[in-house]
């Protein structure tokens with residue numbers, strides 16, 4: 001193994017330990033919990049709980065609801081307006097038109113995490129998921145990323161897989177260990193990464209260049225898209241490299257978690273051997 005990469009990997013472990021200590025704070029890990037009722041959801045947000053998803057009855061009104069709505073705007077928390085029938089299918093308890101699902105993990109912010117990586121003398125390797133909504137794909141990708149030593153996974157606040165018990169199980173617990181950064185806008189995040197010296201490499205079929213032609217030994221963020229529509233045009237426009245996985249069969253399509261593993265481990269091969 002490349003000695004320089006081994007040293008970087010040791011430093012990365014220190015960074016991960018720092019993040020885990022800061023996040024867990026000795027608290028017991030928990031699976032997704034549901035919170036019912038307007039006041040209860042307000043209290044959950046005020047106490048710093050991470051809201052994974054939030055369902056609000058259509059047409060809800062009243063002063064307490066307006067207080068909740070202002071809090072959601074303040075914390076930039078997305079929600080879905082749904083018919084009361086859906087809420088009643090979720091629970092028979094008195095939900096008052098509001099049900100929140102609490103995340104089992106604490107999300108990070110890449111703007112806070114990236115300086116820590118650089119300060120430890122590490123070469124960032126990040127993985128951005130654009131529109132990956134299947135929880136099992138999310139879990140499988142997280143498992144591969146954690147095993148490979150990826151520093152963080154970046155996802156959007158809207159249009160991303162829910163981190164729930166299925167995702168945790170598929171990840172074999174990796175989602176408890178690898179930082180997941182939930183960002184308001186992947187486009188803005190991509191520009192921030194570029195300004196911070198990170199190259200953006202989009203895995204896409206919209207190119208003739210191979211993933212094996214890219215230099216991943218420099219600070220890199222690999223971007224994977226949904227299997228049906230791929231990576232957004234905005235991210236493709238601002239990216240440094242477009243790269244495709246060579247395919248020689250008739251199907252010409254891979255599961256996104258498999259594709260992510262292929263690209264990530266090409267990056268690890270280069271960083272381990274020093275060969276591009």
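Across 262, 90, 223, mean-square fluctuation computed from a Gaussian network of the chain (C-alpha pairs under 10 Å connected) peaks at 90.
The simple Förster model, with R0 at 35 Å and r as the Cβ-Cβ distance, assigns residue 120 and residue 76 a FRET efficiency of 0.75. The simple Förster model, with R0 at 30 Å and r as the Cβ-Cβ distance, assigns residue 50 and residue 265 a FRET efficiency of 0.50. The ranking of 210, 259, 272 by Cβ neighbour count inside 10 Å, starting from the fewest, reads 210, 272, 259. The alpha carbon gyration tensor of the chain gives principal lengths a ≥ b ≥ c with a/c of 1.5 or higher and a/b greater than b/c, which makes the shape prolate. Peptides 128-141, 68-81, ordered by how many other C-beta atoms sit within 10 Å of their residues on average, highest first, read 128-141, 68-81.
Distance between the pseudo-spin-label points of residue 213 and residue 61 (7 Å out from Cα toward the beta carbon): 6.1 nm. Cα-based radius of gyration for region 33-102, normalised by 2.2 N^0.38 Å, reads 0.98.
Mean-square fluctuation check for the chain, GNM, Cα pairs under 10 Å: which of 221, 181, 147 is largest? Ranking 221, 181, 147 by mean-square fluctuation puts 147 first.
Bear in mind that the values in this text are calculations on the coordinates, not laboratory data. Owing to the predicted nature of the structure, the values given are computational and were not obtained by experimental measurement. In this analysis, Cβ positions are derived from the backbone assuming ideal geometry, glycine residues included, and neighbour counts consider all displayed protein chains.
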